[in-house]
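Visitor: Shown below is the structure under consideration.
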Amino acid sequence: MKNHEIYLYGMTTYTTALLLRGEFPQANNYSEVKEKHFFPCGETGGAATILASLGCKVKIDGNHMGYNTDKAVRRFYEEIGVDVSRLHFDPDYAGVDEIIIIDKDTRTIFGQYAALYVDCHQKTIKRWNNPLEKDIKGIKAAGIDPFGEESIMAARFCYANNVPFVTIDSGHEHTICKSASIIVVSSDWIRDNMPDYCNDKGKTELLKKYMDCTDALVIFTNGGGESIYGRNGKIGKFNAHKVDVVSTLGAGDTFKAGCIYGLSQGWKDEKIIGFSNALAAIACTKFPLPFNPPTLEEVEKFMNNSR
């Protein structure tokens, strides 16, 4: 019998997070650091932390760990009950060690992600695990982030074993979208990859393109603004909750985690969206989020008070 009910494949990093006292400075200026913290993060790492806090048994897989990241990442997740047995340690590799600088409204990331794909001699290398079907067969739900052939392999295992999964930030013609149950696309990703669709009219047109390619629930998130979603030709909208924002770091990972949780519970679309929206709002009131993630009781109380 498996000791996990949710499987996540994708990016787990080790993060140095600096919360500024004021706004992010312009070049050659100064800003005071209010808080400094170290913790695992990344699209998969962040979602794992949230799902564990909601009471889920989670297993993660994806990028390799290195000598700067392995011990700290394993220690953190083992303490919160996340299965990290599939994380591969490469003793000749530093690992994904990023710095994120945060003010109230923005987060700026400095990383070394290219080392996942090329070594110090600029030779192509693969620092990603191949997923195992046995990790996916018989579970309730999964989160598969779009990072190449390994992610597609994980998505195919989900499809073959009738496991619903959430994916994020990928184009409507991407193979992974065709078998996903929920696709969450951020406004930042649309801006950077499909700039012609950034306005409201463009996003509606783009949403229709996704719906033409998949039966999945497609959600375009938009930070603190109005978001849209659709399935089978029907389009809806929702607004982010108004909260006192401390940091937006991890809000997207938290929304994704809410969608995965909803799938694992067999919820309908509107309930999944409502829960994920509330979960992400609570996340924005916390820093550092990984040390104080929302609990199920906290989300239920927040949703009751928002009605």
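The values are calculated or read from the model by the stated rules, or taken from the named source; none is laboratory data. Predicted model, so just to flag it, every value in this text is computed and none were measured. Note: ideal-geometry Cβ built from the backbone for every residue, glycine included; neighbour counts use all protein chains shown. Ligands, DNA and RNA are stripped out before the accessible areas are found, and what is left, the full protein with its side chains, is counted by its heavy atoms. Shrake-Rupley method; radii C 1.70, N 1.55, O 1.52, S 1.80 Å.
Visitor: Check segment 131-147 and report whether any residue there is without any contact (Cβ under 8 Å) to a residue 24 or more places away in the chain, assigned to a loop (DSSP other than H, G, I, E, B) and open to solvent by 20 Å² or more (accessible area, probe 1.4 Å).
Guide: no
Visitor: Residues of segment 1-16 being of a type in the set (S, T, N, Q), part of a strand (DSSP E or B) and open to solvent by less than 10 Å² (accessible area, probe 1.4 Å), which ones?
Guide: Residues satisfying the conditions are Thr13, Thr15.
Visitor: Which ranges mark the strands (runs of 3 or more DSSP E) fully within segment 17-102 that have 1 or more residues being free of Cβ contacts under 8 Å to residues at least 60 places away in the same chain and among the charged types (D, E, K, R)?
Guide: It comes to 33-41.
Visitor: Would you point out which residue out of Ile235, Ile219, Ile272 is in a helix (DSSP H, G or I) and closer than 28 Å to Glu173 by Cβ?
Guide: Ile272
Visitor: Within segment 148-187, track down each residue that is free of Cβ contacts under 8 Å to residues at least 24 places away in the same chain and assigned to a helix (DSSP H, G or I).
Guide: Glu149, Met153, Arg156, Cys158, Tyr159, Thr175
Visitor: From Gly55, Gly62, grab the single residue that is among the small types (Gly, Ala, Ser), open to solvent by 50 Å² or more (accessible area, probe 1.4 Å) and closer than 21 Å to Ile260 by Cβ.
Guide: Answer to the check: Gly55.
Visitor: Just give me the residues in segment 275-297 being surrounded by 17 or more Cβ atoms within 10 Å (Cβ to Cβ) and either free of Cβ contacts under 8 Å to residues at least 12 places away in the same chain or part of a helix (DSSP H, G or I) (or both), in sequence order.
Guide: Answer for segment 275-297, where residues must be surrounded by 17 or more Cβ atoms within 10 Å (Cβ to Cβ) and either free of Cβ contacts under 8 Å to residues at least 12 places away in the same chain or part of a helix (DSSP H, G or I) (or both): Phe275, Ser276, Asn277, Ala278, Leu279, Ala280, Ala281, Ile282, Ala283, Leu289, Pro290.
Visitor: Out of everything in segment 65-88 that is acidic (Asp, Glu) and over 26 Å from Phe110 (Cα atoms), what residue ends up being surrounded by the most Cβ atoms within 10 Å (Cβ to Cβ)?
Guide: Only one residue fits best here, namely Asp83.
Visitor: Please specify each residue of segment 186-228 satisfying the condition of being open to solvent by 40 Å² or more (accessible area, probe 1.4 Å) and aromatic (Phe, Trp, Tyr).
Guide: Correct list: Trp189, Tyr197.
Visitor: I've got another one for you. Checking the conditions here, which among Asn193, Asn161 is more than 18 Å from Lys137 (Cβ to Cβ) and more than 16 Å from the chain's Cα centre (by Cα)?
Guide: Unique residue meeting the criteria: Asn193.
Visitor: Restricting to segment 1-59, give me the number of residues that are within 14 Å of Ile109 (Cα to Cα) and among the hydroxyl-bearing types (Ser, Thr, Tyr).
Guide: Summing the residues that are within 14 Å of Ile109 (Cα to Cα) and among the hydroxyl-bearing types (Ser, Thr, Tyr) in segment 1-59 gives 4.
Visitor: Are any residues in segment 245-259 hydrophobic (A, V, I, L, M, F, W, C) and touching a Lys or Arg at 6+ places or on another chain (Cβ under 9 Å), and if so, which ones?
Guide: Scanning segment 245-259 gives Val245, Val246, Leu249.
Visitor: Is it fair to say Thr204 is modelled with pLDDT of 95 or more, among the polar types (S, T, N, Q) and part of a strand (DSSP E or B)?
Guide: no
Visitor: While we're on this one: Looking only at residues that are modelled with pLDDT of 95 or more and of a type in the set (S, T, N, Q) in segment 130-178, which one is farthest from Asp212 (Cα to Cα)?
Guide: Asn130
Visitor: Still on this structure, I have one more. Just the residues that are surrounded by fewer than 17 Cβ atoms within 10 Å (Cβ to Cβ) and over 15 Å from Tyr14 (Cα atoms), please, taken from segment 91-106.
Guide: Hits for segment 91-106 are Pro91, Asp92, Lys104, Asp105, Thr106.
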